[in-house]
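Notes to accompany the following structure.
The values are calculated or read from the model by the stated rules, or taken from the named source; none is laboratory data. Fair warning: this is a prediction, and the values are worked out from it, not measured in the lab. Positions of Cβ are generated from backbone atoms using ideal geometry, with glycine treated the same way; all protein chains shown enter the neighbour counts.
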Amino acid sequence: MKEKLILVGNGMAGVRTLEEVLKLAPDHYDITVYGEEPYGNYNRIMLSHLLAGEKTVDDIIINDEQWYSDNGINLHKGKAITKIDRRNRKVVCADGSSDSYERLLLATGSQPFMIPVPGNDLPGVIGFRDIHDVNSMLEAAKKKKHAVIIGGGLLGLEAANGLMQQGMSVTVVHLLDTLMERQLDASAATMLKRSLEERGLHFLMAAETEAIIGDQHVEKVRFKDGTEIYADLVVMAVGIRPNISLAQTAGIHCERGIVVSDTLQTYDPRIYAVGECVQHRGLTYGLVAPLFEMSRVCANHLAHLGIRRYEGSVTSTKLKVTGIDLFSAGNFEGDENTEELVFRDEAQGIYRKLVVRDNRIQGAVMYGDTIDGSWYFDLLRDETDISDFRKTILFGQGHLGDSGHGDDNRVAAMSDSAEICGCNGVSKGDIVKAINEKKLFTLDDVRAHTKASSSCGSCTGLVESLLALTVGGDYSVAPHLKPLCACTDYSHDDIRGAIAKNELKSVRKVLDFLEWKTPDGCGKCRPALNYYLVCAWPGEYKDDYQSRFINERVHANIQKDGSYSIVPRIWGGDTTPAQLKSLAQIAEKYEVPTVHITGGQRIDLLGIAKSVLPAIWGDLSKAGFVSGHAYGKAVRTVKTCVGSDWCRFGTQNSTKMGIDLEKLTWGSWTPHKFKLAVSGCPRNCAEATIKDFGVVAVDSGWELHVGGNGGVKVRATDFLCHVDSAEAVLEYCAAFLQLYRERAHYLERTAPWIERVGLSFIKDEMVDNAEGRQTLAQRFYASQKFAQVDPWAERAEGLDKHEFTPLKKVG
Amino acid sequence: MQAVPGLEDQDTQWIDVGSLKDIPSLGARVVKSAKGDIAIFRTADDEVFALRDRCPHRGGPLSQGIVHGKRVACPMHDWKIHLDSGEAVAPDEGCTTRFPVRLEGDRILLSLIPNKKCTHK
């Protein structure tokens with residue numbers, strides 16, 4: 001027998017909770033929904049667009065009636081619940097009918113606050129809350145001329161803009177002397193006001209409404225100073241009040257909102273509440289991102305999983321007025337303990353302010369160009385130390401990683417045919433169409449449906465911007481701590497912590513202990529878990545090859561035709577005629593179709609059938625070659641120049657250093673691929689400054705550089721430190737590698753890792769802390785004892801034979 | 001013993017292609033046939049499935065993918081394919097031909113007459 005769940009309030013927060021419940025426990029509940037409005041669940045945020053005529057009602061419906069019936073949900077539209085009988089666990093409707101529940105979810109939302117002045121109930125005075133209000137406004141716009149919006153906040157300005165688009169003459173009345181004071185500082189507010197005035201809006205600032213005047217219908221608005229203005233329509237947009245009367249009359253504890261715990265339970269544990277109607281830790285929320293966070297937590301508890309807590313939200317805001325870019329987040333006003341970083345270009349209408357305390361972003365205000373808003377917001381929520389890039393932070397994230405397009409291309413200005421995702425050939429038009437047609441909300445949704453940003457991920461910023469642009473600002477915000485994948489709610493760091501603390505030593509144990517939602521994970525989480533286990537328990541953990549991607553499973557790179565390529569290790573890129581001869585003979589013997597010199601100074605043999613791999617490895621092994629790990633999330637190559645042996649500029653023996661580094665590090669599994677290079681002088685012929693670990697020889701010793709890569713999003717290294725001796729280079733290298741292995745997330749290269757944790761962190765751990773460095777290096781050496789076994793030789797001798805031979809040949 | 005839902009009848013020609021233990025748990029092996037490669041998958045709870053070893057997307061060898069639940073992730077572009085139906089996991093669309101396969105004791109018996117031909121490419 002299913003438990004009975006009743007949702008009161010057919011809005012975004014409530015229905016989102018149901019969606020999450022259905023994902024987690026599809027068969028647990030028999031669900032009934034009561035909504036006062038005569039529609040399915042629609043996207044309230046889009047009301048501004050509806051009013052401006054940019055969308056239709058159909059466009060903004062999120063769940064149509066089909067959705068309710070497909071999921072077996074009983075939907076009662078246009079039916080208000082008037083009473084909760086908690087003792088008998090029943091809700092009572094306006095028409096006297098009643099319905100019983102085992103669990104009740106209140107998502108009654110909020111209503112516009114109507115300021116208490118005479119005439120506030122005259123016909124023509126409305127709020128801005130639902131489709132009905134929008135219809136009233138559109139109706140008025142057809143026949144009437146003068147609209148007065150009381151309230152110059154987010155909602156008021158969106159209403160004003162919409163009514164202006166509909167042809168009305170609109171005056172915004174605001175109590176204070178700056179607009180949107182809850183989201184903007186004075187500078188940004190001034191720029192916003194100017195730009196809205198240029199579009200034709202009128203403003204009355206610092207004006208306090210005294211009365212709304214009219215006989216049968218609103219005619220005028222009068223202010224405290226005695227002035228009056230004409231009004232055919234008055235929209236109250238001074239704020240919202242949580243709808244708590246239903247809960248209150250049922251004796252559920254309410255203050256400003258329905259008071260809920262971190263599990264979104266009210267004082268009656270059978271009754272949950274989410275959305276704008278709730279008060280959590282003293283705060284109420286009116287933006288969608290927090291509501292969705294509540295929904296996730298609430299659904300988790302309704303589904304009897306009971307592992308999540310809602311701990312409040314940091315919110316960010318964007319104004320949904322087409323053509324005006326505005327963003328704010330956090331504590332943007334600052335106080336005596338904060339500093340301000342400001343960029344202002346009046347001529348171009350660009351303003352950016354970051355409020356910083358102890359090199360951590362506390363708040364941000366942006367006007368005119370908000371493309372970096374989500375980046376700042378991430379830095380804010382992650383409390384990232386920005387000291388390493390503080391000098392340039394105001395200029396944005398440099399580039400969004402759209403290497404084909406350059407920095408200055410704003411997504412909004414891009415044509416529909418512009419390619420956003422170069423890996424999968426997805427254009428802006430494709431993405432916008434998918435977002436609109438399939439009603440996508442999150443980055444993951446867009447990835448699943450369009451593949452955009454699902455491969456190398458470098459266009460993620462662009463896709464997020466497009467998402468924000470298309471569906472409204474607050475949607476795209478990813479959860480603060482991202483779960484590893486859809487199989488779990490735990491983040492990378494949670495999982496690594498659990499592995500260490502609870503001595504979990506197999507993939508199965510991790511899946512069981514952390515109560516994975518899928519029977520045996522997926523292609524995304526299993527390789528990550530396998531890596532974390534390899535890293536945590538060197539020598540003890542038995543590598544789970546079925547959790548490795550094919551390339552690592554068979555120690556060769558799969559090619560588009562299903563054949564493989566192999567790259568033998570050539571230490572430091574230094575070879576001999578004899579070595580080349582033996583390679584040539586082997587390539588000829590196996591009729592290798594293509595022999596290619598790689599960017600990392602190695603020789604790639606391409607087009608080898610899988611069944612031939614063990615034989616060719618056998619020959620390579622006899623000739624003294626070991627695997628080059630060109631297929632793995634592992635230490636790849638050490639590229640070198642000829643250095644002081646030959647080069648007239650060479651300052652140190654970079655070739656020997658390269659060979660020593662490669663002998664030290666080969667075979668190590670890492671979160672992502674890891675490349676090294678050693679240059680013999682600052683001319684840097686080995687391109688050490690775009691490697692994960694780059695060494696540049698100078699007359700006085702060695703400069704160490706970290707966190708660089710070529711590829712889609714080129715990043716030059718950060719300078720780590722200078723060391724005097726060759727031994728020190730090796731120790732620092734080992735320590736850095738181990739720190740990266742232990743702290744980075746799986747599939748995170750050193751570049752994004754360092755941007756996430758900060759170079760200062762790396763320096764603290766291993767440059768300024770000699771003991772820490774030595775300990776890290778020791779752990780690396782210890783794990784190398786088990787890692788430096790040539791996988792090719794083992795397989796040439798028969799290991800994993802099943803990988804290389806067919807099960808059977810038939811017919 | 002476990003039967004795959006499908007159309008096989010008493011006339012089905014079953015071919016013994018090997019033993020269950022020849023395939024790693026959560027792994028796959030290939031049967032080479034005149035009609036092309038057929039991938040035999042083994043799940044965590046020792047069910048077996050057989051699909052043409054070609055992803056409906058761009059022909060990647062599904063036998064080389066990561067098996068999870070009753071799905072395999074193609075090694076080429078990470079499409080997920082349902083092992084029991086051959087259909088791509090939504091929102092991707094496409095399907096790959098599946099073959100009747102069953103266990104008798106620990107022997108794997110395969111039929112070369114497809115369960116279902118796919119209408120997709």
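Below, the figures for the structure above:
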item: Evaluation of A:LEU179 against (1) over 24 Å from A:GLY286 (Cα atoms); (2) within 31 Å of the chain's Cα centre (by Cα) (one fails), failing number; result: (1)
item: Flag if A:LEU291 is aliphatic (A, V, I, L, M) and either assigned by TED's automatic domain parsing to the domain that holds A:MET180 or farther than 30 Å from A:LYS2 by Cβ (or both); result: no
item: Yes/no for A:LEU176 being surrounded by fewer than 22 Cβ atoms within 10 Å (Cβ to Cβ) and of a type outside the set (Ser, Thr, Tyr); result: yes
item: Check on A:ASP790, away from chain B (no Cβ under 14 Å), buried (at least 16 other Cβ atoms within 10 Å of the Cβ) and more than 29 Å from A:VAL696 (Cβ to Cβ); result: yes
item: Single condition B:CYS95 does not satisfy, out of (1) in contact (Cβ under 8 Å) with a residue 12 or more places away in the chain; (2) within 13 Å of another protein chain (Cβ to nearest Cβ); (3) not β-branched (Val, Ile, Thr); result: (2)
item: Some residue of the stretch A:658-665 being assigned to a loop (DSSP other than H, G, I, E, B) and either surrounded by 19 or more Cβ atoms within 10 Å (Cβ to Cβ) or touching a residue at least 24 places away in the same chain (Cβ under 8 Å) (or both); result: no
item: Only one of A:VAL567, A:VAL534 that is touching a His at 6+ places or on another chain (Cβ under 9 Å) and either more than 10 Å from chain B (Cβ to nearest Cβ) or of a type in the set (Asp, Glu) (or both); result: A:VAL567
item: Residue satisfying condition, being at pLDDT 90 or above and at negative phi, within set A:THR82, A:THR56; result: A:THR82
item: Residues of the stretch A:60-93 classified as surrounded by 13 or more Cβ atoms within 10 Å (Cβ to Cβ) and either of a type in the set (Val, Ile, Thr) or part of a loop (DSSP other than H, G, I, E, B) (or both), total; result: 17
item: Any chance A:GLU755 is over 25 Å from A:HIS492 (Cβ atoms) and either surrounded by fewer than 21 Cβ atoms within 10 Å (Cβ to Cβ) or touching a Lys or Arg at 6+ places or on another chain (Cβ under 6 Å) (or both); result: no
item: The stretch A:764-787, residues that are in a helix (DSSP H, G or I), surrounded by fewer than 16 Cβ atoms within 10 Å (Cβ to Cβ) and charged (D, E, K, R); result: A:ASP764, A:GLU771, A:LYS785
item: Among residues of the stretch A:445-464, those that are in contact with a Leu (Cβ under 8 Å, 6 or more places away or on another chain) and within 12 Å of chain B (Cβ to nearest Cβ), counted; result: 2
item: Test: residue in the stretch A:203-212 that is touching a Gly at 6+ places or on another chain (Cβ under 8 Å) and either of a type in the set (Val, Ile, Thr) or under 30 Å from A:LEU305 (Cβ atoms) (or both); result: yes
item: Which listed residue is part of a loop (DSSP other than H, G, I, E, B) and either under 43 Å from the mean Cα position of the chain (by Cα) or in contact (Cβ under 8 Å) with a residue 24 or more places away in the chain (or both), from A:ILE213, A:ILE252; result: A:ILE252
item: Any hit, the stretch B:57-65, residues being more than 9 Å from every other protein chain (Cβ to nearest Cβ), at pLDDT below 95 and under 21 Å from B:LYS80 (Cβ atoms); result: yes
